[in-house]
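Working notes, beginning with the structure itself.
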Amino acid sequence: MAGNFDLNQPLVGAGLESPADEEGVHVSFNQLIAEQCQAGERLDGFELQQLDEESRDYVAELGSGFESSGRGLYDIESDDDGRQTDPLVSVPWSSATMKILSSMPSRTIGRSRGAILSQYYNKTLQLRRRSQSRPSIRDFSHSSRPSIRGYGMEVDVIDGPQSEMEKSERLVNNLQNLSMGDRMKMLRGMPLSVVEKKELRRKTLQRDKPLTSSSKIPCCSQLKYYIIIAVRHSWYSWLSFLHSLQLWQFLLKRVGGRFGTGVLSYFLFLKTLLFFNVFLFLVTFLFLVLPQAMHPPELPEERRNFTGLDLISGAGHFTDTLMYYGYYSNFTLRRSCAGQHNTSASSAPDCLSKRLSYNMSLAYFFTIGMSFFITCIILVYSMSKSFGRSFRIDKSYSILAMKVFSSWDFKVIKKSSVELMSENNCTQLKEILAEVVQKKEKTGPCQALWRLMVHGLAWAICIGATAGCVISVYFFSEFMHKDLQRTARLANTNPLLKEASLLALPALVSLLNLLLPGLFNLAAWMEEYHSPSVRTYVALGRNLMLKVSVLAVLCYHWLGRVAAKPSDINLVCWETFVGQELYRFLIMDFIFTLLNTLFGELLWRLFSQRVLGRGRKPAFDIARNVLDLIYAQTLAWIGVLFSPLLPAVQILKLLLLFYVKVSSVMMNCQAPRKPYRVSQMTTIFITLLCFPSFLGASVCVTYTMWSIPPSTSCGPFRHLGTMFQAGKRWVQELEKNNPDLSVVAKVHAYLVENPFFLFVGAGIFLIVIYFYSQVVDGQRKVIALLQEHIEKEGVDKKYLITQLQSVHERKKGISRRLRSQDSGC
Amino acid sequence: MGTTASQLDTLRLLEYEVSVHSSIQELTFLTKQEILHAYQRFDELVPKEVKNRLDYRISMNDVLTLPELKANPFNERICKVFSTSDIKDGSLDFDDFLDLLSAFSDSATLDIKSHYAFRIFDFDDDGTLGRHDLEKLVNCLTGGTDDTNLTPDEMRQLIDNILEESDIDKDGTVNLSEFQHVISRSPDFVSSFKIVL
């Protein structure tokens, strides 16, 4: 009496259990249970006897592979029956049950071709119907056990293995009816091997248009063929050359291979900042520097010679160059005709056409405005993308599983780094385990009070230090200001000395930026945070607080003191002075960073290894270095208005910094030992770049443009009340010249100057946010319900399997009795 | 490039395939340059005298000499998963090699990555991650040497916690869907499941 499945196969070790053995695949519950029911009370000799004997020999081997699964399912029964659950004893599952368990669709969906084909058949079906990604309830066929995977699974369960060809045919049918792009995307996304995909594609193309593919082959002459191949060959050589040039590709791979994704994210952030600056530089170069360079204005008589100090202080020779605001003319540049430099606004040469004119002040205003606007859009877009990647709706916390499944960094290549990573993993797993266990323990009130006191003290120290810094910067800047006033009144002063004294304030600020984070680290070490992520956030917060307050004081100094009364320090052009200040700050910051990297890190490594006796090199402090980058970028953004070539300086600085940091990291540091959540930290960094940094810079610039009167004798905005009036005047002129464009002027007046529009816009924005938050809440509830549902399905499954097993046991018992009766007779 | 005649012919053959039929590039997530670069690396491992280079199967030991795979504790599993040879010895031909690079590339979807990650972690090839698989996985993660191993108690507790967190239908194993569910909530997976040649 042959059953539907071939039980006479020898049960070889674990080979049978592999679902890759596709003959055993998809022997379904339905078939088996149906057969058992049909067989019912018949007591003929079943193959189960044979199976039983064989299984006794092999079950021990099977057991070792299956005890885990068997145990999980068997736990309930064993307790009820009081049987021993020693996993080394042969598991009581019969091998038929084992076979069925192993070929259960939930276990084979990842492996068997048939299941993948049907899954993708359904996906292509959905694409064809252009339905939504989540299948609607209507698409489920009716079944007594509606299950989540029902739309894909039914096909597998019902069809047998022989219909894999049919499944493949149906999939090919569906693929043909898709558009080319969709088809390729679907093929690409299938988890099949390239050979199988080629086969599918060949079948699809075969039926499609068999003629067109052959017509692509150049049928003409061999020569033409070789020419084409040669051209392609050179094109690919060029492409691979370009690929190898890809900025810092090899260096980044080495850093990633040795230190992992965390440290790599710092360098990638540096690269991002570089691209922002390149964009800014291109815009200002094309629209401001180039036109002005082609029409140089008249220079004042006293132009100092170049000295070395000028590179650092940005003053002296550089004062009256393209670098600063003061150089730019405020009139419309016109193309000279008849070889004359004709750059005054009043006289209008006859040979000019209006189209060749270039309104410098308008250009300046719009260039700065547009570049800020575009940078804002790019930042917000990348911030939202990054945020979307790292934010998860589901609140359930599965740190251990996530850590174990996704923490191995496949990029790491170096053997010592791999060992280090393994060690880190071990430590982190132990820590997390301890945390999970310890969560139940509660700390006593005395302990809690003590911890609170320690935290309070640490925060007091940090805030006190920050306040001290801020006050010292304020008073020192006031002192320098007064000093400048004094020297301005004196007749004969050494200009070099004056320039050198201007370097004092930047040096002080950079020094404070260098030393105070060390103090914060000490305070954090004293506090002994339990959770490393909290520690990182606190450190970030404190550093941020320091930098924001220092920058705020500096902005007040520049815009509130210097810009308000520039005549006090004998300044003709306060914007140029502010531009120079920012240049000095950038250069000083760079010099101090270099010194810190080259000497500080080296010395610290020697110190910690020799004196403190630690075996390891110090860890690379990612958060602090990124904050330094953000600080420098804020300075650059504030300074673009006053010094259009500042992005170029920043580009050079970042390039140099990259190479210095890479070599320093390779020599002196090791990967951070604390777990570092890369995508979360990247999101935070982009957010920090957008919110305090870019927002602060744009507020500064907007305030300058809106309300501070520009200096009257230099720059593109002289003779204007505020810089903003350049735009206004242009609109008014437009309106004057073309009355039809008065609509534009009116729109401009309403949108930009009327606050009502802003309120309405903000209101709509808030409503949309509220709506989305409600949607997210609803989805959370659905997730919770679905999880409950799946648990109940699991209970169903366990019940069915144990029923199956008990049916087998009964049959075994009956047939044994029969056999003993037979043999007895 | 210092190639021999046969190598150049195969390169041309590959270019022909890549350019005229655009066959391989459309089926993988790799760009044309990456495929060519992969071919160069693959070619270095094929012995010089072989004629039909694209169809040659490199043995697992040779593949494991690649610096990108040498130190990885999962290297043998990776070879076995991507190998399409009949004897399941982990040998790779060029198509398999491209499959491997495509799954580990920058632009591969989360679906593909989680699918292959699941198969790599499934040490006994039974379609789910049982206790045994999880134990082996943790040992690979922690290095397997004596002083970095977890004690049996800790291991048992760790696996119990993992199963509690990720086994939704409570059958004692983590199947593909449950695995993908955990992975989808982990934003670091995509960036760490990458190999760059």
Lone qualifier among A:Ser477, A:Ser501, A:Ser472 - being of a type in the set (Ser, Thr, Tyr), within 30 Å of A:Met526 (Cα to Cα) and surrounded by 14 or more Cβ atoms within 10 Å (Cβ to Cβ): A:Ser472
With the condition kept exactly as written, say whether any residue in segment B:60-72 is at pLDDT 85 or above, out of contact with any helix residue (DSSP H, G or I) (no Cβ under 9 Å at 6 or more places or on another chain) and not assigned by TED's automatic domain parsing to the domain that holds B:His115. yes
Can you say whether B:Asp125 is closer than 16 Å to A:Trp408 by Cα and charged (D, E, K, R), as far as the supplied structure shows? no
Determine, yes or no, whether B:Gly130 is in contact with a strand residue (DSSP E or B) (Cβ under 9 Å, 6 or more places away or on another chain) and facing another protein chain (nearest Cβ under 7 Å). yes
Test A:His317 against the criterion of being at pLDDT below 70 and within 45 Å of the chain's Cα centre (by Cα), and give yes or no. yes
Based on this model, can you work out whether B:Phe123 counts as in contact (Cβ under 8 Å) with a residue 40 or more places away in the chain, more than 14 Å from the chain's Cα centre (by Cα) and more than 10 Å from chain A (Cβ to nearest Cβ)? no
Candidates A:Ala500, A:Ala523, A:Ala507, filtered to the one that is under 32 Å from the mean Cα position of the chain (by Cα), closer than 24 Å to A:Leu551 by Cα and touching a residue at least 12 places away in the same chain (Cβ under 8 Å): A:Ala523
Only one of A:Leu211, A:Leu251, A:Leu245 is modelled with pLDDT of 80 or more, more than 10 Å from every other protein chain (Cβ to nearest Cβ) and out of contact with any Leu (no Cβ under 6 Å at 6 or more places or on another chain); which? A:Leu251
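Rundown of residues vs (1) modelled with pLDDT of 80 or more; (2) surrounded by fewer than 14 Cβ atoms within 10 Å (Cβ to Cβ); (3) facing another protein chain (nearest Cβ under 7 Å), yes/no style:
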position	(1), (2), (3)
A:Phe372	yes, no, no
A:Cys376	yes, no, no
A:Leu379	yes, no, no
A:Ile399	no, no, no
A:Ser417	yes, no, no
A:Val436	no, no, yes
Which one of these does B:Phe121 not meet: (1) buried (at least 24 other Cβ atoms within 10 Å of the Cβ); (2) among the hydrophobic types (A, V, I, L, M, F, W, C); (3) out of contact with any Ser or Thr (no Cβ under 7 Å at 6 or more places or on another chain)? (1)
Filter segment B:126-171 down to residues that are at positive phi and touching a residue at least 40 places away in the same chain (Cβ under 8 Å), then give me how many there are. 3
Looking across segment B:58-70 at residues that are closer than 17 Å to A:Val418 by Cα and crowded, with 18+ Cβ neighbours inside 10 Å, the single one that is nearest to the other protein chains (Cβ to nearest Cβ) is B:Glu68
When segment B:70-99 is checked residue by residue, the ones that are of a type in the set (A, V, I, L, M, F, W, C), within 29 Å of B:Val138 (Cβ to Cβ) and free of Cβ contacts under 8 Å to residues at least 40 places away in the same chain are B:Ala71, B:Cys79, B:Val81, B:Phe82, B:Leu92
Of the residues in segment B:155-169 that are surrounded by 18 or more Cβ atoms within 10 Å (Cβ to Cβ), at the interface with chain A (Cβ under 7 Å from one of its Cβ atoms) and of a type outside the set (A, V, I, L, M, F, W, C), the one that is farthest from B:Arg119 (Cα to Cα) is B:Asn161
Residue among A:Leu734, A:Leu758, A:Leu720 that alone is farther than 22 Å from A:Met360 by Cβ and out of contact with any strand residue (DSSP E or B) (no Cβ under 8 Å at 6 or more places or on another chain): A:Leu758
Verdict on B:Asp55 being within 18 Å of the chain's Cα centre (by Cα), surrounded by fewer than 20 Cβ atoms within 10 Å (Cβ to Cβ), more than 10 Å from every other protein chain (Cβ to nearest Cβ) and at pLDDT below 90: no
Looking at B:Ile35, B:Ile78, which one is part of a helix (DSSP H, G or I) and either modelled with pLDDT under 85 or surrounded by fewer than 21 Cβ atoms within 10 Å (Cβ to Cβ) (or both)? B:Ile35
What is the residue count in segment A:169-190 for residues that are assigned to a helix (DSSP H, G or I), more than 14 Å from chain B (Cβ to nearest Cβ) and within 38 Å of the chain's Cα centre (by Cα)? 4
Would it be correct to say that A:Asn625 is more than 28 Å from the chain's Cα centre (by Cα), touching a residue at least 40 places away in the same chain (Cβ under 8 Å) and closer than 30 Å to A:Leu502 by Cβ? no
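The values are calculated or read from the model by the stated rules, or taken from the named source; none is laboratory data. Because the structure is predicted, anything quoted here is derived from the model rather than measured. A quick note on method: Cβ atoms are made from the backbone with ideal geometry, for glycine too, and the neighbour counts reach across all protein chains shown.
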